[in-house]
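The values are calculated or read from the model by the stated rules, or taken from the named source; none is laboratory data. Since the model is a prediction, treat every value here as computed from it, not as a measurement. Note that we place each Cβ from the backbone using ideal geometry, even for glycine, and neighbour counts take in every protein chain shown.
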Amino acid sequence: MPEASANRLIAVIDERFDDLLRNWIADQLAALRRGQIAENDLRVQCTELLQLIRRALVSGAPLDLEAQAWSGARDLLARISVSRAQQGFTPSETATFVLSLKRPLFGVLHTESKDADSLADDIWTATLLLDQLALHTTEVYIRARQELISRQQQDMLELSTPVVKLWDGVLALPMIGTLDSSRTQVVMETLLQRIVETGSDVAILDITGVPTVDTLTAQHLLKTVTAARLMGAECIISGIRPQIAQTIVHLGVDLGDVITKATLADAFKLALSRLGLTVARQRVAPSAAPASAPTAD
Amino acid sequence: MDRIPILRMGPVLLVSIQVDMHDQLALGLQDDLSNAITAHGTKGVLIDISAVSVVDSFMGRMLANIAGVARVLDAITVVVGMQPAVAITLVELGLSLEGVRTALNVEKGMAHLQAVVASAGALSHSTDDADGAD
């Protein structure tokens, strides 16, 4: 008899509202790590949720969480869940917010109950209700996390292949992240397209941000270098860290006649000298000194 | 039968491929070019493929062959203006055209050829006295 149970639940919540709230908050504070959430915020959230649960029970449909009556409680839980996901709570800690209401609620049901049968009914109804609410928080929590992850993936793809122009005729491609086949394809196409657009003679592939280089990655790099060479541009690979240099040698990867440099600065210096440019220190300044810049020999 | 025109500019032969190559055309070009190199004592060949959008493995090999034939006849070959899509295709086909020089466009290719031809002690031609096609 869920209706009868619901009515008794409403009565219990009305009569023992303050007890419920105090015990509920105390349980949560004991379960959470210290300082994760301010007691005042928690009190506001708990009070609001308890009131919303009561209102939903009064307006009927005690166990149908999809019903209109529960929309207030659902929205509140969704808000709390999303904000906790952002604050770095675990899913269990988020669900505990609802589940920790069980002990205080069962406690008051027990003290207020008249007979064993109705007590069992009441506890069953309350359990069903709180479980559904807790599942709802977990679902919202996971959805919020997934949105975060997919947004970050998108950002990473967009950020990971910028082709920058260092000088007239010198392009640089700072690669960040692991190089897999699909990303290398994007990198290669972007680079070749920019070479055509800018008419650059030298392209520097900087792999400082590539965490590991295996044979496949090396092969991808070599393909990019060869394609650029076919179009008439020279490629320099820079930013090879000591561990990666060792890996390349241990794997027996043959980089052929590809020019490699330890740092982007070295590669840029070489690129400038290929174009017949030098960087000169500015002469000790007469007041109207000309701007110092790489100048043609 | 169609032929690809070979233009003489001083010590350099200029070939501009404006159509998609088929096999017969490529073989004809190889013949004509080797004859022209011997006839004119050419030191450099510049092949412009900026209008070529489709290549296959045969076409890739023909480019390498032409460069090889030219080298035997003491001329260097520069392939210029390759489209990105063409470059990617050739790399995926495993054809890296070792031994073929490349440049981004005709201007850079010509500058490169003239530098090499001049440093090889050939006549330091200007291209002004270039006359027309064969």
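If the requirement is being in contact with a helix residue (DSSP H, G or I) (Cβ under 6 Å, 6 or more places away or on another chain), modelled with pLDDT under 90, more than 11 Å from chain B (Cβ to nearest Cβ) and more than 24 Å from A:L255 (Cα to Cα), which of these qualifies: A:L148, A:L133?
The unique qualifying residue is A:L133.
Checking A:T96 against (1) over 20 Å from A:A144 (Cα atoms); (2) touching a residue at least 12 places away in the same chain (Cβ under 8 Å); (3) in a helix (DSSP H, G or I), which test does it fail?
Result: A:T96 fails condition (1) only.
Would you call A:D180 in contact with a strand residue (DSSP E or B) (Cβ under 9 Å, 6 or more places away or on another chain), away from every other protein chain (no Cβ under 14 Å) and of a type in the set (D, E)?
no
Are any of the residues in segment A:233-241 within 10 Å of chain B (Cβ to nearest Cβ), hydrophobic (A, V, I, L, M, F, W, C) and buried (at least 20 other Cβ atoms within 10 Å of the Cβ)?
Yes, the conditions are met somewhere in segment A:233-241.
Within segment A:189-221, which residues are at the interface with another protein chain (Cβ under 9 Å from one of its Cβ atoms), assigned to a loop (DSSP other than H, G, I, E, B) and surrounded by 22 or more Cβ atoms within 10 Å (Cβ to Cβ)?
A:S200, the sole residue that qualifies.
Residues are listed down the side, and each one gets a yes or a no for (1) in contact with a Leu (Cβ under 7 Å, 6 or more places away or on another chain); (2) facing chain A (nearest Cβ under 10 Å):
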site: B:M21; (1), (2): no, no
site: B:G60; (1), (2): yes, yes
site: B:A67; (1), (2): no, no
site: B:E92; (1), (2): no, yes
site: B:E107; (1), (2): no, yes
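Might you let me know whether segment B:23-33 holds any residue that is in contact with a Phe, Trp or Tyr (Cβ under 9 Å, 6 or more places away or on another chain) and surrounded by fewer than 17 Cβ atoms within 10 Å (Cβ to Cβ)?
Yes, some residue in segment B:23-33 is in contact with a Phe, Trp or Tyr (Cβ under 9 Å, 6 or more places away or on another chain) and surrounded by fewer than 17 Cβ atoms within 10 Å (Cβ to Cβ).
Looking only at segment B:67-104, which residues are closer than 21 Å to B:A115 by Cβ, among the aliphatic types (A, V, I, L, M) and not in a loop (DSSP other than H, G, I, E, B)?
Within segment B:67-104, B:A67, B:A70, B:I76, B:V78, B:V79, B:V80, B:A103 meet the criteria.
Yes or no: B:D128 assigned to a helix (DSSP H, G or I), at pLDDT 90 or above and among the acidic types (D, E)?
no
Take the conditions among the aliphatic types (A, V, I, L, M), in contact (Cβ under 8 Å) with a residue 12 or more places away in the chain, away from chain A (no Cβ under 13 Å) and crowded, with 17+ Cβ neighbours inside 10 Å and apply them to B:I49. Does it pass?
no
Over 30 Å from A:V98 (Cα atoms) and among the aliphatic types (A, V, I, L, M) - does that describe any residue in segment A:137-155?
no
Return the residue satisfying two criteria in turn: it lies in segment A:242-257 and is of a type outside the set (S, T, N, Q) and buried (at least 17 other Cβ atoms within 10 Å of the Cβ), and of such residues it is nearest to the other protein chains (Cβ to nearest Cβ).
Once the filter is applied, the top-ranked residue is A:V253.
Considering segment B:69-90 alone, what residues qualify as being more than 12 Å from chain A (Cβ to nearest Cβ) and on the phi > 0 side of the Ramachandran plot?
B:D74, the sole residue that qualifies.
Looking at A:L65, is it within 16 Å of A:L135 (Cβ to Cβ), touching a residue at least 12 places away in the same chain (Cβ under 8 Å) and not in a helix (DSSP H, G or I)?
Spelling it out, A:L65 is indeed within 16 Å of A:L135 (Cβ to Cβ), touching a residue at least 12 places away in the same chain (Cβ under 8 Å) and not in a helix (DSSP H, G or I).
Looking at (1) out of contact with any Lys or Arg (no Cβ under 6 Å at 6 or more places or on another chain); (2) outside any loop (DSSP other than H, G, I, E, B), which one does A:R283 not meet, given that it meets all the others?
Result: A:R283 fails condition (2) only.
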